[in-house]
1. Positive end of the dipole of the chain, charges at C-beta (+1 Lys, Arg; -1 Asp, Glu), about the Cα centre: which of V102, Q74, L15 has its Cα farthest in that direction?
2. Residue-wise, which Karplus ³J(HN,Hα) couplings in Hz belong to segment 29-46, taking 6.51 cos²θ - 1.76 cosθ + 1.60, θ = phi - 60°, and x for glycine or proline?
3. Using mean Cβ contacts within 10 Å as the protection proxy, how do 30-36, 75-81 order, highest first?
4. Roughly how many nanometres apart are two label points built 7 Å out from the Cα toward the Cβ at S72 and M22?
5. Roughly what would the spin-label model give for E14 and L34, points 7 Å off Cα along C-beta, in nm?
6. Any idea what the dipole of the chain comes to, in debye rounded to 20, about its Cα centre with Lys/Arg Cβ at +1 and Asp/Glu Cβ at -1?
7. Hey, what's the chain come to in accessible area per residue, 1.4 Å probe, Å²?
8. Could you run the Karplus curve 6.51 cos²θ - 1.76 cosθ + 1.60 with θ = phi - 60° over segment 76-83 and give me ³J(HN,Hα) per residue in whole Hz, x for Gly and Pro?
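The values are calculated or read from the model by the stated rules, or taken from the named source; none is laboratory data. Because the structure is a prediction, the values reported are computed rather than measured. Cβ coordinates were reconstructed from backbone atoms using ideal geometry, including for glycine residues, and neighbour counts include every protein chain displayed. For the accessible areas, the whole protein counts, side chains as well, though only heavy atoms, and no ligand, DNA or RNA atoms are used. Shrake-Rupley method; radii C 1.70, N 1.55, O 1.52, S 1.80 Å.
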Amino acid sequence: MPDTIEDHCIQASELTKLKEGMPGEDMLFDLAELFKIFGDSTRIKILFALLEHEMAVSDLADVLSMTTSAISHQLRVLKTNGLVKFRREGKSLIYSLSDGHVTSILSQGMEHIGE
């Protein structure tokens, strides 16, 4: 940590402006929690599958070669965190991405790792 103002690379007024513009601790915590959701490859696979087409749990299980139980567990996490939604079609629940933000996060992530 710099000892004096002279040790800073930017002016004190800019530092103050940056500090004031920082999101609050609650918002930063929530953002960190959101990124944790993306930290599981199974959830990422589910999101990418839903990016292409809405699907029932059994369809996702078939596409990803997983059990319906494992898919249901991960869908619950994704739904709780607002990343997927569902609609009822007869006795089945059909899952899809919640909104365009999820698509953007996935697209930007792929673009970033592709650089």
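1. Q74
2. 4, 4, 5, 4, 5, 4, 5, 4, 4, 7, x, 10, 5, 5, 5, 4, 4, 4
3. For the peptides 30-36, 75-81, the packing ranking is 75-81, 30-36.
4. Computed distance between label sites S72 and M22 equals 4.4 nm.
5. The modelled label-to-label distance comes out at 2.8 nm.
6. Values: 11 positive and 18 negative charges, 184 e Å.
About 880 debye.
7. Details: 8390 Å² over 115 residues.
Computed with neighbouring chains in place, this is 73 Å² per residue.
8. Whole-Hz 3J(HN,Hα) from phi for segment 76-83: 4, 4, 5, 5, 4, 9, x, 9.
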